[in-house]
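Worksheet for the structure shown next.
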Amino acid sequence: MLFLHPADFTPVCTTELGKTAVLSSEFAKRKVKPIAIGDDPLESHGKWVKDINETQHTTVNFPILADADKTVVKLYDMIHPNASTTATVRSVFIIDTKKVIRTTFTYPASTGRNFDEILRVIDSLQLTDHYKVATPANWKDGDDVVIVPSIQDPAELAQRFPKGFKVVRPYLRVTPQPNK
Ligand code: BEZ
(Lines give C-alpha, C1' and ligand atoms only; values in the text may rest on other atoms or scores of the structure.)
Protein backbone atom coordinates (compact mmCIF):
# COMPACT_ATOMS: atom_id res chain seq x y z
CA MET A 1 0.00 0.00 0.00
CA LEU A 2 1.61 3.22 -1.17
CA PHE A 3 -0.14 6.20 0.38
CA LEU A 4 0.58 9.83 0.07
CA HIS A 5 0.12 12.43 2.77
CA PRO A 6 -0.15 16.10 1.84
CA ALA A 7 2.24 17.51 4.46
CA ASP A 8 4.25 16.66 7.58
CA PHE A 9 3.17 18.22 10.90
CA THR A 10 -0.48 18.52 9.86
CA PRO A 11 -3.33 17.18 11.97
CA VAL A 12 -5.17 14.76 9.69
CA CYS A 13 -1.95 13.25 8.28
CA THR A 14 -0.68 12.70 11.82
CA THR A 15 -3.75 10.62 12.65
CA GLU A 16 -3.52 8.71 9.37
CA LEU A 17 0.09 7.63 9.80
CA GLY A 18 -0.66 6.82 13.43
CA LYS A 19 -3.63 4.66 12.45
CA THR A 20 -1.50 2.81 9.88
CA ALA A 21 1.07 2.04 12.60
CA VAL A 22 -1.67 0.91 15.01
CA LEU A 23 -2.98 -1.44 12.31
CA SER A 24 0.48 -2.85 11.48
CA SER A 25 -0.45 -6.38 12.58
CA GLU A 26 -3.52 -6.27 10.30
CA PHE A 27 -1.35 -5.29 7.33
CA ALA A 28 1.23 -7.96 8.25
CA LYS A 29 -1.50 -10.62 8.51
CA ARG A 30 -2.41 -9.85 4.90
CA LYS A 31 1.29 -9.71 3.85
CA VAL A 32 0.85 -6.06 2.86
CA LYS A 33 3.62 -3.52 3.41
CA PRO A 34 2.51 0.08 4.00
CA ILE A 35 4.79 2.71 2.48
CA ALA A 36 4.01 6.37 3.06
CA ILE A 37 5.24 9.10 0.77
CA GLY A 38 5.29 12.85 1.21
CA ASP A 39 7.03 15.71 -0.50
CA ASP A 40 8.65 17.07 2.67
CA PRO A 41 12.39 16.41 3.15
CA LEU A 42 13.69 13.36 4.98
CA GLU A 43 14.79 15.28 8.11
CA SER A 44 11.25 16.62 8.45
CA HIS A 45 9.75 13.12 8.24
CA GLY A 46 12.19 11.99 10.95
CA LYS A 47 11.17 14.76 13.36
CA TRP A 48 7.47 14.31 12.60
CA VAL A 49 7.59 10.55 13.37
CA LYS A 50 8.40 11.41 17.01
CA ASP A 51 5.22 13.48 17.17
CA ILE A 52 3.14 10.74 15.53
CA ASN A 53 4.41 8.15 17.99
CA GLU A 54 3.76 10.39 20.97
CA THR A 55 0.35 11.74 20.01
CA GLN A 56 -1.09 8.58 18.42
CA HIS A 57 0.38 6.23 21.07
CA THR A 58 2.09 3.97 18.59
CA THR A 59 5.40 3.28 16.87
CA VAL A 60 5.70 4.05 13.18
CA ASN A 61 7.40 0.99 11.77
CA PHE A 62 7.00 1.49 8.03
CA PRO A 63 9.01 3.61 5.60
CA ILE A 64 8.07 7.21 4.81
CA LEU A 65 9.58 8.16 1.47
CA ALA A 66 10.85 11.73 1.05
CA ASP A 67 9.90 12.94 -2.41
CA ALA A 68 11.04 16.51 -1.95
CA ASP A 69 11.35 17.19 -5.69
CA LYS A 70 7.89 15.63 -6.26
CA THR A 71 9.18 13.10 -8.83
CA VAL A 72 7.05 10.20 -7.61
CA VAL A 73 4.15 12.46 -6.68
CA LYS A 74 3.97 13.67 -10.29
CA LEU A 75 4.45 10.20 -11.79
CA TYR A 76 1.50 8.91 -9.75
CA ASP A 77 -0.58 11.98 -10.62
CA MET A 78 -1.06 13.00 -6.99
CA ILE A 79 -1.36 16.72 -7.66
CA HIS A 80 -4.84 17.68 -8.81
CA PRO A 81 -4.59 21.24 -10.16
CA ASN A 82 -8.31 21.91 -9.68
CA ALA A 83 -7.79 21.32 -5.94
CA SER A 84 -4.32 22.88 -5.60
CA THR A 85 -1.41 23.41 -7.98
CA THR A 86 1.14 22.55 -5.29
CA ALA A 87 -0.45 20.45 -2.52
CA THR A 88 -1.09 16.77 -3.09
CA VAL A 89 -4.35 14.94 -2.57
CA ARG A 90 -4.67 11.93 -0.22
CA SER A 91 -3.96 9.08 -2.61
CA VAL A 92 -3.74 5.37 -1.86
CA PHE A 93 -2.42 2.75 -4.28
CA ILE A 94 -2.78 -0.96 -3.61
CA ILE A 95 0.00 -2.56 -5.67
CA ASP A 96 0.28 -6.34 -6.05
CA THR A 97 3.34 -8.58 -6.11
CA LYS A 98 3.51 -8.22 -9.92
CA LYS A 99 3.72 -4.43 -9.45
CA VAL A 100 0.24 -3.95 -10.89
CA ILE A 101 -1.80 -1.13 -9.34
CA ARG A 102 -4.99 -2.93 -8.30
CA THR A 103 -6.88 -0.15 -6.55
CA THR A 104 -6.63 3.59 -6.17
CA PHE A 105 -8.40 5.80 -3.66
CA THR A 106 -8.37 9.58 -3.72
CA TYR A 107 -9.57 11.67 -0.81
CA PRO A 108 -9.54 15.43 -0.45
CA ALA A 109 -7.00 16.97 1.92
CA SER A 110 -9.78 17.76 4.41
CA THR A 111 -10.91 14.14 4.79
CA GLY A 112 -8.85 11.52 6.59
CA ARG A 113 -8.82 8.10 4.99
CA ASN A 114 -10.73 5.09 6.34
CA PHE A 115 -8.07 2.42 6.93
CA ASP A 116 -10.69 -0.22 7.76
CA GLU A 117 -12.02 0.27 4.23
CA ILE A 118 -8.51 -0.11 2.81
CA LEU A 119 -8.11 -3.43 4.69
CA ARG A 120 -11.56 -4.51 3.48
CA VAL A 121 -10.59 -3.90 -0.16
CA ILE A 122 -7.34 -5.82 0.36
CA ASP A 123 -9.37 -8.73 1.78
CA SER A 124 -11.65 -8.62 -1.25
CA LEU A 125 -8.74 -8.52 -3.71
CA GLN A 126 -6.98 -11.43 -2.02
CA LEU A 127 -10.18 -13.49 -1.91
CA THR A 128 -11.31 -12.81 -5.47
CA ASP A 129 -7.83 -13.50 -6.85
CA HIS A 130 -8.20 -17.09 -5.62
CA TYR A 131 -11.86 -17.90 -6.08
CA LYS A 132 -14.38 -17.22 -8.86
CA VAL A 133 -16.35 -14.84 -6.67
CA ALA A 134 -16.90 -11.12 -6.19
CA THR A 135 -17.80 -9.28 -3.00
CA PRO A 136 -21.13 -7.43 -2.73
CA ALA A 137 -21.86 -3.99 -1.29
CA ASN A 138 -20.55 -3.45 2.23
CA TRP A 139 -19.12 -6.99 2.30
CA LYS A 140 -16.65 -7.76 5.03
CA ASP A 141 -14.47 -10.78 5.62
CA GLY A 142 -16.69 -13.75 6.53
CA ASP A 143 -19.87 -12.52 4.82
CA ASP A 144 -21.47 -14.30 1.87
CA VAL A 145 -20.11 -13.50 -1.59
CA VAL A 146 -21.47 -13.71 -5.14
CA ILE A 147 -20.44 -16.12 -7.88
CA VAL A 148 -19.00 -14.46 -10.99
CA PRO A 149 -21.49 -14.63 -13.89
CA SER A 150 -18.97 -16.35 -16.21
CA ILE A 151 -19.32 -19.63 -14.26
CA GLN A 152 -22.46 -21.32 -15.63
CA ASP A 153 -21.56 -24.99 -16.09
CA PRO A 154 -23.43 -27.00 -13.37
CA ALA A 155 -20.52 -29.43 -12.88
CA GLU A 156 -18.04 -26.57 -12.43
CA LEU A 157 -20.42 -24.79 -10.05
CA ALA A 158 -20.74 -27.94 -7.92
CA GLN A 159 -16.97 -28.46 -7.90
CA ARG A 160 -16.09 -24.83 -7.07
CA PHE A 161 -18.85 -24.22 -4.56
CA PRO A 162 -19.33 -27.40 -2.52
CA LYS A 163 -21.13 -25.43 0.22
CA GLY A 164 -23.89 -24.69 -2.30
CA PHE A 165 -25.34 -21.41 -3.47
CA LYS A 166 -28.65 -19.59 -3.64
CA VAL A 167 -29.95 -18.39 -7.01
CA VAL A 168 -31.63 -15.03 -6.37
CA ARG A 169 -31.57 -14.22 -10.08
CA PRO A 170 -29.67 -16.15 -12.79
CA TYR A 171 -26.97 -13.45 -12.59
CA LEU A 172 -27.09 -13.10 -8.78
CA ARG A 173 -25.94 -16.24 -6.99
CA VAL A 174 -24.96 -16.03 -3.36
CA THR A 175 -22.57 -18.46 -1.68
CA PRO A 176 -20.75 -18.68 1.66
CA GLN A 177 -17.23 -17.25 1.55
CA PRO A 178 -15.25 -20.18 0.08
CA ASN A 179 -12.17 -19.92 2.32
CA LYS A 180 -14.05 -19.79 5.64
C1 BEZ B 1 -3.98 17.72 7.47
O2 BEZ B 1 -3.33 16.68 7.39
O3 BEZ B 1 -4.56 18.03 8.50
C4 BEZ B 1 -4.09 18.62 6.28
C5 BEZ B 1 -3.07 18.66 5.34
C6 BEZ B 1 -3.19 19.49 4.25
C7 BEZ B 1 -4.31 20.28 4.09
C8 BEZ B 1 -5.35 20.20 5.03
C9 BEZ B 1 -5.24 19.38 6.14
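The values are calculated or read from the model by the stated rules, or taken from the named source; none is laboratory data. Bear in mind that the values here come from a model prediction, so they are computed numbers and not experimental data. Cβ sites come from the backbone with ideal geometry, for glycine too, and all protein chains shown count toward neighbours. Ligands, DNA and RNA are excluded from the accessible area calculation, which covers all protein heavy atoms including side chains. Shrake-Rupley method; radii C 1.70, N 1.55, O 1.52, S 1.80 Å.
Quick look at the values:
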item	result
Lys33 vs. criteria at pLDDT 95 or above, assigned to a loop (DSSP other than H, G, I, E, B) and closer than 21 Å to Phe115 by Cα	yes
Members of the stretch 22-48 that are within 16 Å of the ligand (Cβ to nearest atom) and crowded, with 18+ Cβ neighbours inside 10 Å	Ala36, Ile37, Gly38, Asp39, Asp40, His45, Trp48
Qualifying residue in the stretch 62-76 (condition: within 16 Å of the ligand (Cβ to nearest atom), in a strand (DSSP E or B), on the phi < 0 side of the Ramachandran plot and not assigned by TED's automatic domain parsing to the domain that holds Asn138)	yes
The one condition in (1) assigned to a helix (DSSP H, G or I); (2) open to solvent by 80 Å² or more (accessible area, probe 1.4 Å) that Thr85 fails to fulfil	(1)
Strands (runs of 3 or more DSSP E) within the stretch 112-180 that include 2 or more residues open to solvent by 50 Å² or more (accessible area, probe 1.4 Å)	166-169
Pair list, Cβ under 9 Å, 6 or more apart: the stretch 96-109 residue more than 16 Å from the ligand (Cβ to nearest atom) and acidic (Asp, Glu), other residue at pLDDT 95 or above and outside any loop (DSSP other than H, G, I, E, B)	Asp96/Arg102; Asp96/Leu125
